Amino acid sequence: MAKRIFQNYTTVTDKETKKVKDLVSDMKLKDLATETDKIVAIENYIKSNFATREDIDGENANNLENVIKTKLASQAGITRLYSAILKILGLNTNLYWPLTGKNIPLKKTLRTGTTVKTQYYIFLQ
């Protein structure tokens, strides 16, 4: 299950990769000296130019071609966008989901009632 979830957020098509590469070149990240500067610039760019909404659903909300065109995505679509940008830039990251005691159940049969609230990136050096 974890592998499938990870692949849903990190696998992109060739067409999506091309669109993300075009977006990355528009961000003008090559002039930035450090990885930290690039990460901050990516976050600022996405927060300033894209919106997420919980009430949108369907394939278009996660499809990076559509997300880049409309500047609107689901939370999963924005996560896929971040993942694709970081991968294209060669930034070594891991995506993980911390477990909490509330929100969306991971699996109803879990004895602990453990759930997933949000995801995070860990930047490796």
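Throughout, read-outs are computed from the coordinates displayed, never taken from laboratory work. Quick caveat, the model's predicted, so the values are computed rather than measured. Here the Cβ positions follow ideal geometry from the backbone for every residue, glycine too, while neighbour counts run over all protein chains shown.
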Among Thr34, Thr17, Thr52, Thr11, rank each residue by its count of other Cβ atoms within 10 Å, from fewest to most, as a rough exposure measure.
Thr34, Thr11, Thr17, Thr52
Once amide hydrogens are built 1.01 Å from N within the peptide plane, the residues lying 5 or more places from Leu72 or on another chain with amide H under 5 Å from its amide H are Ala51
List the pairs from Lys38/Lys69; Lys30/Lys69; Lys18/Lys71; Lys30/Lys71; Lys21/Lys71 whose alpha-carbon separation is above 19 Å, in the order I gave them.
Lys38/Lys69; Lys30/Lys69; Lys30/Lys71
